Amino acid sequence: MIGSPGTRHRLRGAVLAVAHALHRLGRGLSRSWRRSLQLRVVVSTLALSLMVILILGFVLSSQITNRMLEAKVDAASEEIDRARGTVDRMLENSDPSSSLESRLEEAKSALTDPTTDGQAGNNAGAFEPVLIVPGAGPRKETSAGPVNEVPDSLRGFVRAGKVSYQYTTVPDGSGVGPALVMGTPAGSDISPIELYMIFPLTAEERSLSLVQGILLTGGLVLLGLLAAISLLVARQVVLPVRYASRIAERFADGRLKERMPVHGEDDIARLAVSFNDMAENLSRQITQLEEYGNLQKRFTSDVSHELRTPLTTVRMAADLIHDNSDELDPVLRRSAELLTAELDRFEALLGDLLEISRHDAGVAELAAEKLDLRVCARAALETVEHLAAESGSTLVVDMPDDAVVAEVDPRRVERILRNLLANALDHGEGKPVALRMRAEDDTVAVVVADAGLGLRPGEEKLVFNRFWRADPSRVRRSGGTGLGLAISMEDARLHNGKLEAAGAPGKGAVFRLTLPRVRGAGVVSYPLPLRVQAFAPAPALEAAATEGAAADGAAADGANADGAHTDGPDTDGANGDGAAIDTSGSEARR
């Protein structure tokens, strides 16, 4: 039964299948329409050609129909004039004693007799005459022929003494067919008489159908020829464009010697010449830039190595002076301290230059080993604790309780986290800096966020450029070289990981390091979102951290005046934001 649940379910499934098939077909056609210039040209040409053919066919069909009907009306007018004369003669020469019906039948027979004068020159074709004598007083209407096929409206015009015609339908052998009915008044001793002649239009209808069939066939043939022509013309234009597109794709892939062949002197040939000139210029400029880049890399590497020896000599002399600075006057002692500090920064800059040159040369090696990434994070935090103390910032840490094991290079990961933390402390405006770590089955993510100056739109990419600074007037508390984030980006890429940044002016910046847990794998998920202030501590936590720092500072005055500290176990805060690391020289990490 059609109303059973099984039948309705199968019917619904069939409808859904058809709908899905139509949807896929529509998407395929839409994709082909968007991607194929040749298809759009051919379809547009066919649509316009079909419109022109339909309009032309309609006009030709209307003109042919009108001409055929006009010729039929002219021939029928001539024929009815001859018929009127024949009727007048027949009625005048007929026996007056015979009945009116018989006299009308004789006249009707004379009209259809082929031997009657004028029938040999009949151009109107077959017809059926109708003779009507209207009734007058007690006399009834008398007629000969099919009176019921004559329209009443036409009889009104004839009674008024006008020669008129009208198109109508009359029965034929196969049903009902079109016909032309023409009427005229006839004069005789029997007055008045109405003469009508019914001309079937079956032959004209067949002729018109034949003409319309010929026009339709010709239109279809013409449409097919236009489709072939448009396809050929479109291919002549589209194929060179496709070839140029493939050449451009190969050129973009690094095949700088790819060129388009030039044939002839037409527009396509000029396009090929222009493309080849452009490719030649780009190839030359790319080659020059590569040579310039290689020269820069070699220069950086050579200068870094060459400066090692004089720097070592100057370092030895500076250390000697610094070791004996107690014997110097205060001005010279301060100069010795400044010299030592700047030599430390100069040595760090040389180290970074050598490291970045190794990345540029592609010789940087990954000494990966399985370890707990929390160890790298703790080492980086210990390194920047003095920077946090100088800036007055609090380090807020949120790491998992369980070990986060991954195959990484501990030196490089620690350097990445150290650079991110130092950068956050430099631009954190003394506000807390948060470090958060989360892990999934295949990926580990570490986020470092601050609530300081932030980044303007577009600067999230520029921060990883070498020697780039958002505000050149700002002083680096960390004594950085300007290459830390650039080296961090290269270290992340060496791990097949990702280092990303985001920020907003006045709301802080956030950096996310995402690493695969297995060496050689890629980043397949992101355990932590990259969102500004997503991991910044709440105001309550910030206030608590500030109070704790003050208390630790008071304790440090008595117990640890030298600012030393001892490590304690990390504990997660109750609110999930993590614990704070004391930056005021206290003895314990909370």
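The values are calculated or read from the model by the stated rules, or taken from the named source; none is laboratory data. Nothing here was measured: the structure is a model prediction, and the numbers come from that model. Counting neighbours? That spans all protein chains shown, and the Cβs are built from the backbone with ideal geometry, glycine included.
A few comments on the model shown:
- Candidates Ala21, Ala76 - the one that is modelled with pLDDT of 80 or more, exposed (fewer than 11 other Cβ atoms within 10 Å of the Cβ) and of a type outside the set (Asp, Glu): Ala21
Each row is one residue, and each column tells you yes or no for (1) under 30 Å from Ala341 (Cβ atoms); (2) modelled with pLDDT of 80 or more; (3) among the charged types (D, E, K, R).
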| site | (1), (2), (3) |
| --- | --- |
| Arg242 | no, yes, yes |
| Ser245 | no, yes, no |
| Asn276 | no, yes, no |
| Glu290 | no, no, yes |
| Gly293 | no, no, no |
| Ser304 | yes, no, no |
| Leu311 | yes, no, no |
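- Residue within the range 6-28 that is of a type in the set (Lys, Arg), in a helix (DSSP H, G or I) and either within 23 Å of Arg235 (Cα to Cα) or in contact with a strand residue (DSSP E or B) (Cβ under 8 Å, 6 or more places away or on another chain) (or both) present: no
- Restricted to the range 318-331, and to residues there that are surrounded by 12 or more Cβ atoms within 10 Å (Cβ to Cβ) and in a helix (DSSP H, G or I), the residue that is farthest from the chain's Cα centre (by Cα) is Ser325.
- Flag if Arg67 is part of a helix (DSSP H, G or I) and either at pLDDT below 85 or touching a Cys at 6+ places or on another chain (Cβ under 8 Å) (or both): no
- Taken across the range 217-230, residues that are within 23 Å of Ser44 (Cβ to Cβ), hydroxyl-bearing (Ser, Thr, Tyr) and in contact with a Leu (Cβ under 9 Å, 6 or more places away or on another chain) do occur, with at least one present.
- Residue check for Pro539: surrounded by fewer than 15 Cβ atoms within 10 Å (Cβ to Cβ), modelled with pLDDT under 85 and more than 22 Å from Arg415 (Cβ to Cβ): yes
- Within the set Gly454, Gly522, Gly553, the sole residue that is at positive phi, modelled with pLDDT under 90 and of a type outside the set (Lys, Arg) turns out to be Gly454.
- Test: Glu128 is surrounded by fewer than 16 Cβ atoms within 10 Å (Cβ to Cβ), closer than 28 Å to Gly156 by Cβ and either at pLDDT 80 or above or out of contact with any Leu (no Cβ under 6 Å at 6 or more places or on another chain) (or both): no
- The set of residues in the range 226-265 being in a loop (DSSP other than H, G, I, E, B) and surrounded by 11 or more Cβ atoms within 10 Å (Cβ to Cβ) consists of Arg255, Leu256, Glu258, Arg259, Met260, Val262.
- Residue check, Ala348 at pLDDT below 80 and in contact with a Gly (Cβ under 8 Å, 6 or more places away or on another chain): yes
- Put simply, of Asn465, Asn496 the only residue that is at pLDDT 85 or above and more than 22 Å from Leu395 (Cβ to Cβ) is Asn496.
- Within the range 29-46, restricting attention to residues that are loosely packed, with under 14 Cβ neighbours inside 10 Å and either of a type in the set (Lys, Arg) or touching a strand residue (DSSP E or B) at 6+ places or on another chain (Cβ under 9 Å) (or both), the residue that is farthest from Thr168 (Cα to Cα) is Arg35.
- Taken over the range 142-152, the criterion of being more than 11 Å from Pro200 (Cβ to Cβ) and either in contact with a strand residue (DSSP E or B) (Cβ under 7 Å, 6 or more places away or on another chain) or part of a strand (DSSP E or B) (or both) is satisfied by Thr142, Ser143, Ala144, Gly145, Pro146, Val147, Val150, Pro151.
- Exactly one residue out of Ser62, Ser49, Ser153, Ser94 is among the polar types (S, T, N, Q), modelled with pLDDT of 75 or more and surrounded by 15 or more Cβ atoms within 10 Å (Cβ to Cβ), and it is Ser49.
- No other residue among Ala348, Ala368, Ala336, Ala341 is under 23 Å from Arg519 (Cα atoms) and either of a type in the set (A, V, I, L, M, F, W, C) or surrounded by 14 or more Cβ atoms within 10 Å (Cβ to Cβ) (or both) apart from Ala368.
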